[in-house]
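I have placed the structure first, in the form of structure tokens, so that the comments after it can refer back to it.
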Amino acid sequence: MSKAKTQQPAVIHKVIMVGSGGVGKSALTLQFMYDEFVEDYEPTKADSYRKKVVLDGEEVQIDILDTAGQEDYAAIRDNYFRSGEGFLCVFSIKEQESFQATQDFREQILRVKNDENIPFLLVGNMVDLADQRQVSVEEATKRAQEWKVSYVETSAKTRANVDKVFYDLLRYIGKYKLTPAGRKALSQNATNSSNHPETTGCSCVAM
Amino acid sequence: MTDGLARILSKPTYESEQFVAKLSANGEDALLEMKSKIHMLNDETAQALKKNVFKNYSQFIETAREISILEGEMYQLSHMLSDQKSEMTKMMELSLVSDRAIIQGLKGEEEEKTNPEEENRRNLAFLLEKVEGCSSVVDAPGRQLVHDGDLVELDAETHAQIQRVHAFLLNDSLMIATWIPHRRGPMRYRFQGLYELDGLAVVNVRDTGPVKNGFKILNFPESHMYQTDTAKAKRQWLDALEDTKKKKALRDKQKKEAAMRLAEQQLQAALASPGEADLSKSFTDDKEESVDRDYLSADWLQELPEDLDMYIAQRNFEGAVDLVEKGYDYLTDCPKGPALKEFKARIEHRVKQLTDGLMNELQVSPERSLRGGPRAARRAVTQLIRLGKSAQACELFLRNRSAIIKYNIRQLKFEGATTLYIRCLCGVFYSSLSDTAKEFIKAFPGHYGCYSAFVIWAKQELQSFVSIFKRQVFESKASLSTIADCVLLARGHCQELSTIGLDIEFCLDALLDISIQNVIEETKDQLIEGIKYRAHDDVWRPMNHLTQADCDKYIADVATTGYDLTPYIFDKCFIAITMNSIQFSKVIVTFAEDLLKLHSSEQEDSSADVITTVFKAQITHIEHSLQSEQLKKEHVLILKNAQFLLEVVMDKIKTLYTKYNVPFPVKLQHLSSHYRKLKASK
């Protein structure tokens, strides 16, 4: 690995999109990447994207792993999660079930990363279809507070808050990487960690 | 004196000038004396040289012969090697072809399904040829190659190129092999890693940056990124991976269900009969997979299959068997589980190879020289027994021995007298047999089950020996004496064998019985024919030797056959016994002796019959002569002859019987009382 030549910016933040199938993980990713909204739904297997972004005046690379909501195998899911440094946990506000599933994803991520301060954002997608809302803002915010994470509502279709969730997460990752616990957790790909006081705020942004 | 001179001359410090100066100082006579001495020494040395040359000449010839044998073997060896080489290249071509066939087969999935298991195994074999250090991968049962291709490994972070690799997608795992640059020979890749498909996360890397056609393989804590040449190739890889994973999941599920069903059945069975409860318990052990994985992770155990491969390749069979035993010993303590089963299967595969190798060692092939002999066979046999293959070892060992016996017998050249040849034949056969017996006892100690196989083998060998024996002895129209000698030889050897606990004499007798009977009958007929022929011309004249000296000479001559004719001399040069009687007495005694040599308890009656019949024939001749009018005046002479035959000759036969420790037949005894009858009838 040491043979590799660094032609690109050294800082790479690895973001993982998690959530049930059909909640719009890929749509969010594609909107962020290419500024386009894909109407047709095709289940993702596992795609990764990379993009240069300027974050607070600094050029960084974002590496997005768009996982399959339908992945059946916990072992494989673990392998995806282990490679991530920050997580966008997406549900659809018009689907209560997908909101419930976030609990499982959260647990699985914490189990794999073994640090509850791991950069993590709860994302309620499809806010453009608010008339079909099944998950209330309060409900979601409550859960986010329990987890000590932020809750953001987005629309992949209207691009509302799309950049925000990614940039917010990138900032968290950046900060997290500077803490000893984070460095340790991420450099070793996270198996052990200590419960270090974390600066991550729990500012909730609602639409 | 000359010895002293020789010593002086051959001294390392000898200097000719000094020596000559010293000599010449003593004057002419001393010089002349020295000259003659030197001449003598010269002659002696020449002689010695000649002798040495002769001595070394025979040695030279011997050495040359050895060298020529060695040369022959070397030639054979090099021939075999070149054969093997061509075989190897042929195999390589084959595997390359099948390699292509697999990739084509991937497109037509049905084709693949119809492929029998064995073929898939062979397809995997080419991996061994191409990839260094992957034998453990190839070994797992039921493994097949699904897809393979060249890839470029990239750094997952920076996307910089790292190296060229070749990936092999198997039906249950993905093997990555790194490309070895500048390498000659078939090994073009080195084994890098094998990833179980179960936990393998595949990520399609979208073409967002400068890197195109990439995909990632995540298997904590490793993550690798690979790049294909074309988008199509990447699609193929992703599809193949996906497809194979799905198929594997399906298979696993089916297996699990089957296991569940089995467990249920066992549980029911256990409930039905509480005695078998531990059966279901043993099944729960299966779930302790992690335990047995730990158990199997010992370094030496992990390397065991490859070490075995190495030992087998080096023909270090002892080492291999040691290792197998060590492995099995270790594994008996190991909790049972699927991992253990798999591992055992790997070892068993090796054991099979090992057994094949050992069996091959014992196999008799025409081009293989038998020089190795029994000791070489013992080595292989011992290892086979240790592997628990005593039955095969026994069979092969005995087959090997058969070949050796056959070879040795063929080496014998049939020249000269039959007895001589039979003596050699018996020597070779019986010593081989007893060697084998001893070797067998040494090689199979405690394997009593194999002993019966040995006995059967010995009987078979005896049969083939007897067939050769018969051909040489009975079909060559040899005389009864020769035959008797030969049979006696064979029997003697059989008795020797019985000292090591192998009694095959009765078999020999049974095999020879008919032939012996026939030849006795034939001889009897010939003898009677002879008696009749001579009786026809018999004029009952005493032998006239003309002079006393000649007569004495004749008496002495006959005395060597054991008859004392002195009581029958009259008129100094006449003997009252006719030529015919003497002839008969000689023949009948030889015949009796032959019969006694061939004697066996089964033939007791028949041999008594035969000798009585022959004797009777002569007696009948005497009776006829006595009744004949023309021979009336010879009655005294005839009676004297009759007395000679029935008393002296019969006594002689009697002593022979006692000598051979055989009861004198009653019928002959009756015959001996005949003389009195004849006398009375007079």
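Just so you know, all these numbers are worked out from the coordinates, no wet-lab data involved. In this text the structure is predicted, and so the values were computed from the model without any measurement. So basically every Cβ, Gly included, is an ideal-geometry build from the backbone, and we count neighbours across all protein chains shown.
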Unit-weight point scatterers at every alpha-carbon of the range B:588-682, Debye formula, q = 0.24 1/Å: log10 I(q)/I(0) is -1.20
Against the 2.2 N^0.38 Å rule of thumb, the C-alpha Rg of the range B:391-483 sits at a ratio of 1.23
Everything considered on the Cα gyration tensor (a ≥ b ≥ c; rounded for a/c under 1.5, else prolate if a/b is larger than b/c, else oblate), the range B:136-236 must be described as oblate
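Once you charge only the Cβ atoms, +1 for Lys and Arg and -1 for Asp and Glu, what is the size of the charge dipole of the range B:170-270 about its Cα centre, to the nearest 20 debye?
Numbers: 19 positive and 12 negative charges, 80 e Å.
Computed about the Cα centre, the dipole is about 380 debye.
Please label the shape of the range A:32-131 as rounded, prolate or oblate, based on the square roots a ≥ b ≥ c of the eigenvalues of the alpha-carbon gyration tensor (a/c under 1.5 means rounded; beyond that, a/b larger than b/c means prolate, else oblate). Intermediate results must be reported in sequence, preceding the final value.
Values: a/c = 1.42, a/b = 1.04, b/c = 1.37.
Since a/c stays below 1.5, the shape of the range A:32-131 is classed as rounded.
Taking a quarter of the surface of the convex hull around the Cα atoms of the range B:1-94, what do you get in nm²? Could you put the intermediate results ahead of the total?
Values: hull surface 42.7 nm².
Average projection, Cα convex hull of the range B:1-94: 10.7 nm².
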Around residue B:202 (Cβ within 10 Å, Cβ-to-Cβ, excluding residue B:202; K/R +1, D/E -1) the net charge comes to +2
Counting all Cα-Cα pairs in the range B:219-273, those more than 13 Å apart amount in percent to 74
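What is the Å³ per residue value for the convex hull set by the Cα atoms of the range B:510-608?
On the way: hull volume 10.6 nm³, N = 99.
For the range B:510-608, the hull spanned by Cα atoms encloses 107 Å³ per residue.
From the cross-link list A:164/B:216; B:90/B:406; A:45/B:248; A:25/A:94; A:14/A:45, which pairs have alpha carbons spaced over 24 Å apart?
Values: A:164/B:216 27 Å; B:90/B:406 36 Å; A:45/B:248 17 Å; A:25/A:94 15 Å; A:14/A:45 18 Å.
Exceeds cut-off: A:164/B:216; B:90/B:406.
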